[in-house]
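Beneath this line is the structure, given in structure tokens, with notes to follow.
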Amino acid sequence: MSKFWSEAIQHLVPYVPGEQPKEQQIVKLNTNENPYPPSPLVMQTLQDFDLERLRLYPDPDARALKQALADYHGVTRDNVFVGNGSDEVLAHTFMAFFRQKAPLLMPNISYSFYDVYCNLYDIQYREVPLQADFSICLDDYSQTNGGIIFANPNAPTGRTLELDEIERLLARNTDSVVVVDEAYVDFGAQSAVALTQRYDNLLVVQTFSKSRSLAGLRIGFAIGHPDLIDGLERVKNSFNSYPLDMLAISAGVAAIKDEDYFRSTTDRIVATREWTCNELQALGFIVLPSCTNFVFAQHRYLEGAELMGYLRANGLLVRHFSRPLIDNHLRISIGTDTEMQQLIDTLTGHPDIIRLEA
Ligand SMILES: *Cc1c(COP(=O)(O)O)cnc(C)c1O
């Protein structure tokens, strides 16, 4: 607290990102980064980049990247908004659409940046409880609202909604903006992007941080009706004309082009995830079904916080949330096969863990 802080920031409760440890040898399974490097095409593009161009400002409209995304998703460029990571896209979304009289609706367990933005922009919100099995029930969102946001697949649960459930929500909720945060959609869920062509209040947000191995470059985007995109551009152009630098724009285009690499790495992660789920179950964990690059699991009789500390002491970092309802769970990112084997071996070595089958 300082006397120089404006009134508005004194009450902010900022988001706390997962730890980025200094030690190199630690196995990082705590922030859902991709264990594989970016596409070779991305790396070649960055190596070939004419660094002298950096004296110029980048394209404020990032047209090349918007066009690549539009082609990839079968929409037009005026359906696409890009930002400095999807966190920035989401921030602009809250500013542009959710500052309404009626409260924003969101799941009580979801991406914890949502309530941070509500605080930042003074947005009233109502948390809708998940079902007992941690799934979202969209029927519970049939109430007066100034907007609806949820992640699909949800974070940190990993649970997924079917597209027809989302469409039924859109059919009855036509007077406020519905945002679907698809940060993890490429790991096995159905995208709602096609529905943006039929519902002018739907905005789908995605990121290059997870499935495209580019968390360090900061690229996120949204797809929706041109009027929604215009609203986002108004906020963006009142904030920062150049959220994407030249390197990010070029590398982003290259990442979209390398479909083979994208498919092979996401397929590999899905296979490793299924192996990890089975192994964790054999060690006494209850694992939620996941369509993401992480699993959300709790042990039948050991405490989440204790297990996280044990793993940390053995060189493995996983995420634990000290929040009601989920404070016994661990969110474990899917790493390489070797990393996940190390996780399972380390857990097997825990003095109180017994392997269920031979
Ligand atoms: C990781 C994540 C984001 C943010 O991704 P960036 O593009 O890296 O900012 C947004 N939403 C959810 C649910 C995430 O898990």
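The values are calculated or read from the model by the stated rules, or taken from the named source; none is laboratory data. Quick caveat, the model's predicted, so the values are computed rather than measured. As a convention, Cβ positions derive from the backbone with ideal geometry for all residues, glycine included, and neighbour counts pool all protein chains shown.
Out of everything in the range 201-217 that is assigned to a loop (DSSP other than H, G, I, E, B) and more than 9 Å from the ligand (Cβ to nearest atom), what residue ends up being nearest to the chain's Cα centre (by Cα)?
Here is the first cut: in the range 201-217, the residues assigned to a loop (DSSP other than H, G, I, E, B) are 201, 208-217.
So of that shortlist, the ones also more than 9 Å from the ligand (Cβ to nearest atom) come out as 201, 211-213, 216-217.
Values: ASN201: 21, SER211: 10, ARG212: 12, SER213: 13, GLY216: 14, LEU217: 15 Å.
Looking at the filtered set, the residue picked out is SER211.
Looking for something within 12 Å of the ligand (Cβ to nearest atom) and either surrounded by fewer than 23 Cβ atoms within 10 Å (Cβ to Cβ) or at pLDDT 95 or above (or both) - is there at least one such residue anywhere in the range 247-267?
Here is the first cut: in the range 247-267, the ones within 12 Å of the ligand (Cβ to nearest atom) are 248, 252.
Add one more test, that the residue is either surrounded by fewer than 23 Cβ atoms within 10 Å (Cβ to Cβ) or at pLDDT 95 or above (or both), and what stays is 248, 252.
Looking for residues that are within 12 Å of the ligand (Cβ to nearest atom) and either surrounded by fewer than 23 Cβ atoms within 10 Å (Cβ to Cβ) or at pLDDT 95 or above (or both), one finds at least one in the range 247-267, hence yes.
Name the single residue, out of those in the range 92-106 being within 13 Å of the ligand (Cβ to nearest atom) and part of a helix (DSSP H, G or I), that is farthest from SER209 (Cα to Cα). Give the steps one after another, and end with the answer.
Taking the range 92-106 first, the residues within 13 Å of the ligand (Cβ to nearest atom) are 92-94, 106.
Now restrict to residues that are part of a helix (DSSP H, G or I): 92-94.
Details: HIS92: 18, THR93: 19, PHE94: 20 Å.
Once the filter is applied, the top-ranked residue is PHE94.
Among the aliphatic types (A, V, I, L, M), within 25 Å of the chain's Cα centre (by Cα) and within 16 Å of the ligand (Cβ to nearest atom), is that true of VAL75?
Numbers: among the aliphatic types (A, V, I, L, M): yes; within 25 Å of the chain's Cα centre (by Cα): yes; within 16 Å of the ligand (Cβ to nearest atom): no.
So VAL75 fails the test.
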**OP:** Can you give me the number of residues within the range 141-177 that are closer than 16 Å to ASN201 by Cα and in contact with a Pro (Cβ under 7 Å, 6 or more places away or on another chain)?
**Re:** 3
**OP:** Being within 9 Å of the ligand (Cβ to nearest atom) and outside any loop (DSSP other than H, G, I, E, B) is the filter here, so list the residues in the range 137-162 that pass it.
**Re:** ALA151
Original post:
Listed residues PHE134, PHE208, PHE187; which is out of contact with any Cys (no Cβ under 8 Å at 6 or more places or on another chain), of a type in the set (Phe, Trp, Tyr) and in contact (Cβ under 8 Å) with a residue 60 or more places away in the chain?
Top reply: PHE134
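Just the residues that are of a type outside the set (Val, Ile, Thr), assigned to a helix (DSSP H, G or I) and within 12 Å of the ligand (Cβ to nearest atom), please, taken from the range 78-91.
If we filter the range 78-91 for residues that are of a type outside the set (Val, Ile, Thr), which is where we start, we get 78-79, 81, 83-88, 90-91.
Remaining after also requiring assigned to a helix (DSSP H, G or I): 78-79, 85-88, 90-91.
The answer is GLY85, SER86, ASP87, GLU88, LEU90, ALA91.
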**OP:** Evaluate the range 43-61: report whether one residue or more is in the same structural domain as MET246 (by TED's automatic domain parsing), within 26 Å of LEU232 (Cα to Cα) and in a helix (DSSP H, G or I).
**Re:** no
**OP:** Return the residue satisfying two criteria in turn: it lies in the range 107-134 and is buried (at least 17 other Cβ atoms within 10 Å of the Cβ) and not hydrophobic (A, V, I, L, M, F, W, C), and of such residues it is farthest from LEU214 (Cα to Cα).
**Re:** TYR125
**OP:** Look at the range 313-344 and say how many of its residues are at pLDDT 95 or above and either of a type in the set (S, T, N, Q) or not assigned by TED's automatic domain parsing to the domain that holds GLN298 (or both).
**Re:** 7
Subject >> When residues of the range 1-36 are limited to those that are within 27 Å of ILE123 (Cβ to Cβ) and aliphatic (A, V, I, L, M), the one farthest from the ligand (Cβ to nearest atom) >> reply: MET1
